[in-house]
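Asks: Starting off with a structure, shown below.
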Amino acid sequence: MNRGSVEEERLVPRSTETKRELYKYIRIGITTFVTFVCCILFFFIILRYKGFADTWKKIMATAQPIIIGLILAYLLNPVMKFFESHLLKFLKPRMKSERKAKKTARALGVTGAILFLFVIIGLLIAAIVPSVINSIISLADTLPGNVQSFISWINGQSFGDTEVTNMIGDYMTKATDFVENWFRNTLLPQANTFITEITSGVISFVKGIMNFIIGIIVAVYVMMIKETLTGQSKKIIYSVCSPKTGNIIIEMVRKSNEIFGGFVTGKILDSAIIGVICYIGCLILRIPDSILVAVIIGCTNVIPFFGPLIGAIPTLLLVVIQSPIHALYLLIFIIILQQVDGNIIGPKILGNSTGLSSFWVMFAILIAGGMWGFAGMVLGVPVFAVIYYIIRRLVAYALRKKQLPTETTKYIHMTHVDEKQNSLQYKMRQSEPVKSDESDVEFGEAPGEENQKNQ
């Protein structure tokens, strides 16, 4: 009896332990299933539910002036700080109250930043509009003559067989008939539709101008009270989160601002320098529409990697119509200019502000450009750099908790992790790891961060 009771006592704990493991796996399975279903429902609501999409579009349309204002305030903040710092040095000794001097310097700095914005917009309009008008007029003047010369050349050629000439004449006749029929049967009956679309476009343009003006007002208010907004944001974060989590969020936001702001402001400055150099070079080479070409090259240079190609295509088409030989000169000049920018000017201004390798830069541009167009191509790199930084910090934190190394080079030739010793194992004796800069350290701890305190 005693022996049987002992065996029963041994069986009961084993049975209980088995049930606990079973319940554990059931809970894990249910949690995974519920998470998967919630993800499907979430994406279904976003992508399929029309009411959500319409509500989101209405919210974004209503908040457009605020979004424009926040973007303008962020871009103009360095300009405002430049004016403010120099004006504060001038006003401090000349005013009785330091607080009054700071307020005056801030107001004058904001005014200077807004005036700087208007000057840039005015210069762009003055550079683009006359050049575009002149190009259209020149094209309209030269195109009929070029077409007539082509027709005369065809008529003057002796092909030996009149079938070729007749065939060309038949095609030109058919093309003329097609254009005439399209004008009568398609364009005229849909004139009301075109007028409605044009009216809608004009209304949208006017709304855009009004939103931009309101956005400038919002930017003025944001720049005037940016310290107060920063303090309120931090207060909300620490009221909701624990001090440890709040510190992590603040550090992430600070680093994101450093990456994003450094890239955007640096790229704008780099593009402005490239635009000025391009204009000077076009004047020396006597390229037609030098101002328009320089503006297009400078603006498209904001896009990393593909910017030079995007800017070269319209400028070459614009110049080749007027002078093919000058288009060849422009092509050679653009290639040289982009090499100088990529190897000298760009690295000096931007440095390694994003911490991304060339592969991830191209990856970010392709994905973001495919999803959000031109804006995605411009902002895709800094946004992905921020995401990359956050993922890298999370991976490094998880590895440190497991007492595993964070350097990427140590994982290249490893085969497995020894569960008992908790160390990386290699098939053969490990050679010295290859040294790499920060851009090559993927999903690990950045250089200089290994000895930081765990957050």
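Asks: Only residues that are farther than 28 Å from PRO382 by Cα and either buried (at least 20 other Cβ atoms within 10 Å of the Cβ) or of a type in the set (A, V, I, L, M) (or both): list them for the range 293-322, please.
Replies: LEU316, LEU317, LEU318, VAL319, VAL320, ILE321
Asks: Does PHE306 count as among the aromatic types (Phe, Trp, Tyr) and within 30 Å of ILE133 (Cα to Cα)?
Replies: yes
Asks: Which ones in the range 348-388 are in contact with a helix residue (DSSP H, G or I) (Cβ under 8 Å, 6 or more places away or on another chain) and basic (Lys, Arg)?
Replies: none
Asks: List the number of the failed condition for LEU117; all other conditions in (1) without any contact (Cβ under 8 Å) to a residue 24 or more places away in the chain; (2) under 17 Å from LEU72 (Cβ atoms) hold.
Replies: Answer for LEU117: the failing condition is (1).
Asks: Shifting gears a bit: Take the range 102-114 and flag every residue that is touching a residue at least 60 places away in the same chain (Cβ under 8 Å) and either of a type in the set (A, V, I, L, M) or outside any helix (DSSP H, G or I) (or both).
Replies: ALA107, VAL110, ALA113, ILE114
Asks: Oh, and also: At least 2 residues that are more than 23 Å from ALA368 (Cα to Cα) and either in contact with a Lys or Arg (Cβ under 9 Å, 6 or more places away or on another chain) or modelled with pLDDT of 85 or more (or both) in each: list the helices (runs of 4 or more DSSP H) lying fully within the range 284-352 that qualify.
Replies: 290-300, 307-322, 324-340
Asks: Assuming ILE236 fulfils every condition listed in (1) modelled with pLDDT under 90; (2) surrounded by fewer than 12 Cβ atoms within 10 Å (Cβ to Cβ) apart from one, which condition is it?
Replies: (1)
Asks: Can you tell me which residue within the range 246-277, out of those that are more than 19 Å from PRO347 (Cβ to Cβ) and over 20 Å from the mean Cα position of the chain (by Cα), is surrounded by the fewest Cβ atoms within 10 Å (Cβ to Cβ)?
Replies: So the residue we want is GLU251.
Asks: Go through the range 409-419 and give me each residue that's modelled with pLDDT of 80 or more, out of contact with any strand residue (DSSP E or B) (no Cβ under 8 Å at 6 or more places or on another chain) and surrounded by fewer than 12 Cβ atoms within 10 Å (Cβ to Cβ).
Replies: ILE412
The values are calculated or read from the model by the stated rules, or taken from the named source; none is laboratory data. All figures in this text were calculated on a predicted structure; none of them were measured in a lab. All Cβ positions, glycine included, derive from the backbone under ideal geometry; neighbour counts span all protein chains shown.
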